[in-house]
Every structure is written in structure tokens, then in C-alpha cells.
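Have a look at the structure below before the remarks.
The numbers here are math on the coordinates, done by the rules we state, and not lab data. Keep in mind that what you see is a predicted model, and the values were worked out from it rather than measured. Virtual Cβ from ideal backbone geometry, glycine too; neighbours counted across all protein chains shown.
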Amino acid sequence: MKKKFAVNKTYEEINEKIKKGDAVIVTAEEMINIVDEIGIVKAAEEVDVVTTGTFGAMCSSGAFLNVGHTKPKMKMEEIYLNEVSVYGGLAAVDLYIGATALPENDPRNEVYPGKFEYGGAHVIEELIAGEDIELEAYAYGTDCYPRREIRKTININNIRDATLFNPRNCYQNYNVAVNRSSRTIYTYMGVLKPNFSNATYSSAGQLSPLLNDPYFETIGIGTRIFLGGGIGYIAFQGTQHAPFGIGRTVKGQPKSGSGTIMTVGDMKQMSTEFIRAASIVGYGVSLFVGIGIPIPVLNERIAYYTSVKDSEILAPVYDYSSDYPSGEVIEPIAYVNYEQLRKGVIEIKEKKVPASPLSSYYKAREIAEILKEWIKEGKFDVSKPAETLPAPESEVKIEREY
């Protein structure tokens, strides 16, 4: 039997309030205090939308570009942007550049072995910044596309389309990385010192979008979002989306990576304030992406989930010297919560370990605030998804906690 709620709102009702300027919009941080002060039901009655935010490295990102036809026309096959290899197995002048793509012959890699200073993420950031990019392309030539090579300068203002299309963003939860070996290791989670000397993590915790809607009741295909400083959308479930068969704690919180989203947006709207390239020593290149998702408070269950605190979210601790690279399903060394992580010290096997973030809580908070202002000003409304993302049903015992 489905639970009947004291509060029931629709997307249409909330958007009408936004249009009239009557909607109550708060950030996920603010929602915690509101629920503590007035309770779940009253919070659900008073609050219409909760805004969230995250800003971290999202390697599974990239951009579709249409660079416009040449004269004579050309079907580009082997393509480089600032010497970074680009995928061209599409139509004539469509291409895809991945954030982690690297130059084939970068002399800096010989001077600093394992240190990659430039890649696809940098090309994406420079395009958004309006900088000139060197395009080099080759083709086999056909009757309809006779040109065989070209070298020219492009920028975001003189190409037809620039679309950020990220296969996997915004992990619902994520690992804490440590190293119990006797040597320093270099990973996408940063430099990990030997013998549990440091730990790194990457999540905005209580501000993180998918942790505030753990069963994807309002988040799905077509959801309008803040993406890189502009308006974007959720295109589909992200690759490696895996919300089933995992442990969950209070408020439906997953104890591992769980859900992901595929995102899309117009790069011409974006800002380098919220799209930044990163060079990670010993690993390669990644792209920091800012994402914010508004969560409409349709009922008290959603109000309950959006009041989640850092202390209620557990992250698994894994050894990146052996357990993670093995590819085997291995139990984590421990679980720690985000309140402990944000304090900068966690305890593993009775040892106090310094912990540092690879994501920015400051930027996550800024994104949630910007999204809040956009909605209050009537520039952004909440969109009902065409289809919600695959998820297990919300557990009755969790619903009864409030």
C-alpha cells in the first residue's frame, strides 16, 4: 500500500509560484536547518524547491563540435585540435573531443615522464574562454568531399555548434582513496602517500545533487540543470549507473558510487568559472565540471531526503595500490562519513589519516546559490522528467522514519 502524504504538490503548481515570484527556494544546506527547526511536514508545505551543487573532476566528459564545411568540402577523418587527437568517425565536419585525450607527441611528456600538462580538457576550457584553437585534419577524399587536408584556426564564435556531452557525470557517491603499500602512487584521485599517510575524496556530500534525491523521484531524462555556468539537461542515465543491489543507510543514502547522469549543454552559454581543465600528475588530464540540480519538494518524503546531512552519508575507503586496480569486487577497508572527511582527518585501523578533497565544496555552494537566484528571478523553472532514471523503490522503512 502506497503511503499517502499530507503534502502533495505538482510541477505545474510549483512553476506557477515561480512565475508569480511566490515560490520558496532554498539550498540543500539551508534545508537541513529548516527541517531541524520546523520538521518534515511543515518544511514540505513551506519549501517549493531545494537547489544542489557539485564541482569536481569528471573524466567521462567531452564535446561534440561541428566546425563548418570547408571549400571545397571535406569529410574529416584524422583530426587534431591543438595537437590533441579528436574522434572524427561521424559526419563530414562533426567531431568529438574527450576530456582525457592527450597529444600524441607532446615533448613535455618526455621531460616530465608521467606528467601530462595538456589535453582535451584544456581544449574544451580554451574554447569556452573564446581562445583560438588550431585545427588540423586529413581525409581520403571522395567525389562529394574532395578536399584531403586543412589547417586553420577556429574558436567558439566561428564554429557552428559546440555541445558539451558528458557520458558520466555527478556520481551519487564516491570512494575515499588511500594507499597501504610502501611506495607513493599516482592516481586520478591524486598523489597517495604510502602506509595510509593521506586520503583523498571527491563529493559535495550534503550539497551533492543525486544524494538529495537518492531514488531519482524528480531527476531523470529531460531534467533541466545548471551545467558549467549555463543551462543544460540530463540526456539519459550515465554510464556505469548502478543503483541496485547496494547497501543503503538512513535517508536512502547509497554506500557506494551508485547512480550517474549523462549531461548535455550548449558550450556557448558556459563559463570557465565552472568548466576547468586539470592536469593530474602521473595520471593524465581531467575536466572539472560544475553541476546544479533543482529538486521540487512535491511531498514530505522528498523534503525528508533533501535534509540529508554530511554525518548521514557514508563513503567507502579503498586501497588504490592494490584493491582498486585489481578490478575485483572487494569489501572496502572501512566506511567514513562526510562530516569526518570535511574536518580533514579520518581514522583507519586506529590510525589518524589526513583527508583532502579533490572537489570544491566552496564552488558547489556557489552553484546552489546561483541556481537558487535563477529560480527566484524566474529565469529557470523545474522540469518534470520525461522518464525517471532506473532506481529501486523507496523503502517503506525509510519513509516511516519521519
Dipole in debye (nearest 20) - the chain, about Cα centre, beta carbon charges: Lys, Arg +1; Asp, Glu -1: 340
Rounded to whole Hz, the Karplus (6.51, -1.76, 1.60) HN-Hα couplings of region 333-346, x for glycine and proline: 5, 6, 10, 10, 9, 6, 5, 5, 4, 6, 6, x, 9, 10
Among 379, 42, 255, residue whose mean-square fluctuation peaks in a GNM of the chain (springs only between Cα atoms under 10 Å): 379
Contour excess over end-to-end distance, with Cα ends at residue 83 and residue 369 and 0.36 nm allotted per residue: 99.2 nm
Point-charge dipole on Cβ atoms (K/R +1, D/E -1) for region 68-159, about Cα centre, debye to 20: 400
Label point at residue 10 placed 7 Å out along Cα→Cβ; residues across region 192-227 whose backbone nitrogen lies under 18 Å: 218
Vicinal HN-Hα couplings computed from phi for region 362-379 (Karplus, 6.51 cos²θ - 1.76 cosθ + 1.60; Hz; Gly/Pro x): 4, 5, 4, 5, 4, 5, 4, 5, 4, 4, 4, 5, 4, 5, 4, 7, x, 8
Under 5 Å, built H, 5+ apart or other chain: amide partners of residue 336: 315, 317
222 nm mean residue ellipticity, helices alone, for the chain (DSSP H n ≥ 4; -39,500 (n - 2.57); rounded to 500): -5000 deg cm²/dmol
In region 272-350, GluC sites (Glu not before Pro) in a DSSP loop with at most 10 other beta-carbon atoms within 10 Å: 328, 350
Under 17 Å from residue 349, Cα to Cα: lysines that are on another chain or at least 8 residues apart: 193
Inter-label distance for residue 343 and residue 69, nm, one decimal - labels placed 7 Å from Cα along Cα-to-Cβ: 6.5
Whole-number percent relative contact order across region 138-215, with pairs defined as alpha carbons under 8 Å at least 6 apart: 22
Amide H contacts of residue 213 (H built 1.01 Å from N, under 5 Å, at least 5 apart or other chain): none
DSSP beta bridges in the chain [antiparallel fraction, %, rounded to 5]: 90
Net charge of neighbours whose Cβ lies under 10 Å from the Cβ of residue 232, counting Lys and Arg as +1 and Asp and Glu as -1: 0
Residue among 321, 89, 247 farthest towards the positive dipole end of the chain, charges placed on Cβ: 247
Region 310-325 - phi-based ³J(HN,Hα) in whole Hz, Karplus 6.51/-1.76/1.60, Gly and Pro as x: 3, 5, 9, 10, 9, 10, x, 9, 10, 7, 8, 8, 9, 4, 5, x
Amide proton proximity set for residue 290, modelled H, under 5 Å, gap of 5+: 228
Between region 270-331 and region 1-63, the Cα center-to-center distance that results, in Å: 20
